[in-house]
Structures are given as C-alpha cells and as structure tokens.
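Q: The following block contains the structure, expressed as structure tokens.
What follows draws every value from the coordinates through simple rules; no lab data is involved. Quick caveat, the model's predicted, so the values are computed rather than measured. Neighbour counts run over all protein chains shown; Cβ positions are idealised from the backbone, glycine included.
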Amino acid sequence: MTRCNKIRLSIAALMAGVVSSPVTHAATPSELEAAYTAQAGAPASPDRGRTLFTTAHGREWRCSSCHGTVPTQAGSHAATGKPIAALAPAFNAERFADAAKTEKWFRRNCNDVMGRECTAAEKADVLSWLRTLKP
C-alpha cells in the first residue's frame, strides 16, 4: 500500500468516526471537505457542487429553493418561511463548524431534495463550491 493510500484511508477512517459519532465535533469547512473528498476517493469539483445545488433532482425542491441561488444571504424555508442564515461559510462562520450538525443537515436536506442521502462526493462538491463564495 502506498503512503498516499495509507493517508487516504486514515482520513476516511477519521471522518467515518467523526460523522457517525453522536458527539459534537468542532471542524472547519476545509477539514470537512477534505474528509468527504478522501471518503469519495476523487477530487471535489466546485462546478459539480454549484450544479447539484441549483438543479432539480426529481423532487419538488432544490437546495437553492431555501438557501437562494447564491447562498451568501439569508434564505427562508420553502414551506414554512422560517428564516435560514446564509449557507456559505465566508458569510456565516457557524456553517460547517460542527461535523455532527453538518451530517445531520446534509442527511435531512439531501433527502428533501433528492429523496436519498448525498454521497461523500456530492457533499465534497457542494462544500467546495460554497467555499469559493467570498465577500
């Protein structure tokens, strides 16, 4: 096994423990993206992330239905109208700062948008795009 593969496996194992643990873990958006990328085994793509975020996937809602086409400002829940803080981490420091919360919301929102959980590659892609959005 190459050194690179050992590192990937270590990161993937770490991320598996982080995202499956009921304990809240501090994280950064870049750490989460790196872990999802390692788990996916392929580089993240901001272009795929933007497309996934703004495109319909056979369900009533898109990610952008609640978070806005460019999620740098507050949005609102499509059904309830409840305010939703900006999603892009550069506009909201609380976003993607907790691995357990990140997993919880990916699980819920991916199910609402796609009728299934997102793959690690999809999570990495969305995070990579969100991280490109700067003030």
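Q: How many nm is it between the label spots at residue 42 and residue 84, if each spot is 7 Å from the Cα in line with the beta carbon?
A: My value for the distance between the label points is 2.6 nm.
Q: Let me ask something else about it. Express in nm, to one decimal, how much length is gained between residue 111 and residue 98 on full extension, taking 0.36 nm for each residue of separation and deducting their alpha carbon distance.
A: 2.7 nm
Q: Could you check the simple spin-label distance between residue 34 and residue 61, using points 7 Å along Cα→Cβ, in nm with one decimal?
A: With each label placed 7 Å out from Cα toward Cβ, I get 3.2 nm.
Q: Between residue 26 and residue 134, how high is the FRET efficiency from 1/(1 + (r/R0)^6) when r is the Cβ-Cβ distance and R₀ = 22 Å? Nearest 0.05.
A: 0.45
Q: What is the sum of charges, Lys and Arg at +1 and Asp and Glu at -1, for the other residues whose Cβ falls under 12 Å from the Cβ of residue 91?
A: +2
Q: Arranged from highest to lowest average of other beta-carbon atoms within 10 Å per residue, in what order do the peptides 74-82, 102-110 appear?
A: 102-110, 74-82
Q: Of the trypsin sites (Lys or Arg not before Pro) in region 22-96, which ones lie in a loop per DSSP and count no more than 16 other C-beta atoms within 10 Å?
A: Here the sparse-neighbourhood loop sites are 59.
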